[in-house]
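What follows is one structure encoded as structure tokens, with my remarks underneath.
The numbers here are math on the coordinates, done by the rules we state, and not lab data. Quick caveat: nothing in here was measured; it's all calculated off a predicted structure. Cβ placement follows ideal geometry from the backbone for every residue including glycine, while neighbour counts extend to all protein chains displayed.
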Amino acid sequence: MSSATNVQDGPVAVDPGPATVVITRVVQPGHEQDYREWMGRLITAAEVAPHSLGTVVLAPKANESNTFRFIHRFADAASLRQWEDSDVRVQLSAEADRFSSSQRQEVTGQEAWFSIPEAPAHPALIKWRMVIVTFCITYVLTALIIPHETAWLPKSWSFYELNLITNVLLALVMTYLLPLVTRLLRRWLY
């Protein structure tokens, strides 16, 4: 079961698989330069954290000139928790708290595919709708992949070898296709 929560102190995620934290910081007027210098140090520290999958910074929108968003991705919830509990992260957050306020949103597992970075405080997903979308996409993909595999791959391969290739292709397509589909269906999913 995946969870998306807004919290101030540390992660609560327990799911296996990738874990994402979206941090929104509102910078106090006059402290923009302090924030930009701090942001460089935070990104550098997060990028070298164990099992970091990367950091993305979303620039402020026109109507939110002092609102910045960071998206930190980690291989799993334990790695995210390790980053959140690290001395360097705690120290950097305390430093930024002197000139900005923050809010966190954490997403783990499959819900990260359905999250919308442009709206990190979006309402929770309707789970049964997420199941329907996932089922439809995986059904169509397997219906397309499996029959064509026999033409692409050696006929001597075992079920397990074919299944491995099927799942690799499925994972790749789901990682890149599902976010596009969920953007199209966002009104229905939330």
(message) Give me a comma-separated list of calculated 3J(HN,Hα) values for the stretch 23-34, in order, Karplus coefficients 6.51, -1.76, 1.60 applied at θ = phi - 60°, integers in Hz, x for any Gly or Pro.
(response) 10, 9, 10, 9, 8, 5, x, x, 10, 4, 5, 4
(message) Counting pairwise Cα distances across the stretch 127-189, what percent come out greater than 19 angstrom?
(response) 39 percent
(request) Could you point to the residue in Ser86, Leu53, Phe68 farthest towards the positive end of the stretch 43-94's charge dipole, with +1 and -1 charges on the Cβ of Lys/Arg and Asp/Glu respectively? (result) Phe68
(message) Spelling out what I want: for every residue of the stretch 68-83, take phi, set θ = phi - 60°, compute 6.51 cos²θ - 1.76 cosθ + 1.60 (Karplus), and round to whole Hz; glycine and proline get x.
(response) 10, 10, 10, 10, 9, 10, 10, 4, 7, 5, 5, 5, 4, 4, 4, 5
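Please state the charge dipole magnitude for the stretch 127-189, taken about the Cα centre, from unit charges on C-beta atoms (+1 on K and R, -1 on D and E), reported in debye and rounded to the nearest 20.
Approximately 480 debye in magnitude.
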